1. Tilt of helix 14-26 relative to the longest C-alpha principal axis of the chain, in degrees (0 to 90, nearest 10)?
2. Against the globular-protein guess of 2.2 N^0.38 Å, express the Cα radius of gyration of the chain as a ratio, rounded to two decimals.
3. What order do you get for 171-179, 130-138, 60-68 when each peptide is scored by the mean count of other beta carbon atoms within 10 Å, highest first?
4. Under 14 Å from a label point 7 Å along Cα→Cβ of TRP34: give me every residue in the stretch 97-139 with its amide N that close.
5. Of ILE184, ILE58, ILE42, which is farthest along the charge dipole of the chain in the positive direction, counting Lys and Arg as +1 and Asp and Glu as -1 at C-beta?
6. Which residue, chosen from PHE124, VAL90, PRO174, occupies the Cα position most advanced towards the positive end of the dipole of the stretch 49-187, where the dipole is computed from +1 (Lys, Arg) and -1 (Asp, Glu) charges on Cβ about the Cα centre?
7. At a Förster radius of 30 Å, what calculated FRET efficiency corresponds to the Cβ-Cβ distance of SER170 and SER13, to the nearest 0.05?
8. Based on the alpha-carbon gyration tensor of the stretch 87-187 and its eigenvalue square roots a ≥ b ≥ c, which shape applies: rounded if a/c is under 1.5, prolate if not and a/b is larger than b/c, or oblate?
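The values are calculated or read from the model by the stated rules, or taken from the named source; none is laboratory data. Predicted, not measured: the structure shown is a model, and the values here were computed from it. Backbone-built Cβ (ideal geometry, glycine too); neighbour counts: all protein chains shown. All accessible areas refer to the heavy atoms of the entire protein, side chains included, with ligands and DNA or RNA removed. Shrake-Rupley method; radii C 1.70, N 1.55, O 1.52, S 1.80 Å.
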Amino acid sequence: MKRLFAAIKVNPSEAFLSRYYALKRNLKDEKIKWVDPGNIHITLKFFGETPEHHIPGISVALRQAAIAITPFEFSINNTGVFGSSYNPRVIWFSIEPHEDIIRLSESILRELEQIGIERNRQNFVPHLTIARIKQLEDKKFFQNVIDKNREGFIQNEEVNEFNLFESVLSPQGPIYSIIESYTIVGP
């Protein structure tokens with residue numbers, strides 16, 4: 001069994017890292033698990049624990065999905081939070097426009113359905129998770145930091161491939177390795 005997901009790898013720019021480290025520095029006293037900048041990605045499909053004999057079929061489906069989409073670009077903007085203001089769980093950067101990413105995700109889901117892999121019941125919301133909140137001591141201060149960083153351009157990202165990753169969980173955080181890359185060539 002391998003813990004798998006399909007994702008678009010994002011290469012953080014200086015502006016991205018500047019915003020990321022400013023948030024991390026301002027929230028240093030809170031119990032927050034920050035995503036390593038080298039692991040930043042947009043998850044297109046989380047497979048979870050997957051039998052290894054399923055990987056070739058998944059790979060064919062992902063290759064077919066890549067053929068159906070043309071390369072695209074998006075902007076990373078704004079900072080937000082998943083969860084309520086009373087119980088925030090995740091800090092994220094937004095993706096705009098996200099229609100092309102949704103089209104890619106739909107293409108992947110359609111191809112996977114053809115090999116018997118069901119869709120998730122959740123709505124797909126393209127975003128970049130930058131941190132997971134474990135516990136907040138000062139929710140008002142936290143909200144002020146998020147509000148001060150809520151709006152603003154971070155970087156553009158061109159997408160001409162996505163990857164099938166294996167995730168190995170460790171006490172230091174997940175270790176991602178690329179199983180295969182899929183070039184987006186368009187119809």
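1. It is inclined by approximately 50 degrees.
2. On the way: Rg = 17.2 Å, N = 187, 2.2 N^0.38 = 16.1 Å.
Against the empirical 2.2 N^0.38 Å value, I get 1.07 for the chain.
3. Details: 171-179: 11.4, 130-138: 14.4, 60-68: 18.6.
Sorting 171-179, 130-138, 60-68 by mean packing, highest first, produces 60-68, 130-138, 171-179.
4. Answer for the stretch 97-139: 130-133.
5. Of the candidates, ILE42 comes out farthest on the positive side.
6. VAL90
7. My answer for the efficiency is 0.65.
8. Prolate is the answer for the stretch 87-187, as a/c is 1.5 or above and a/b outweighs b/c.
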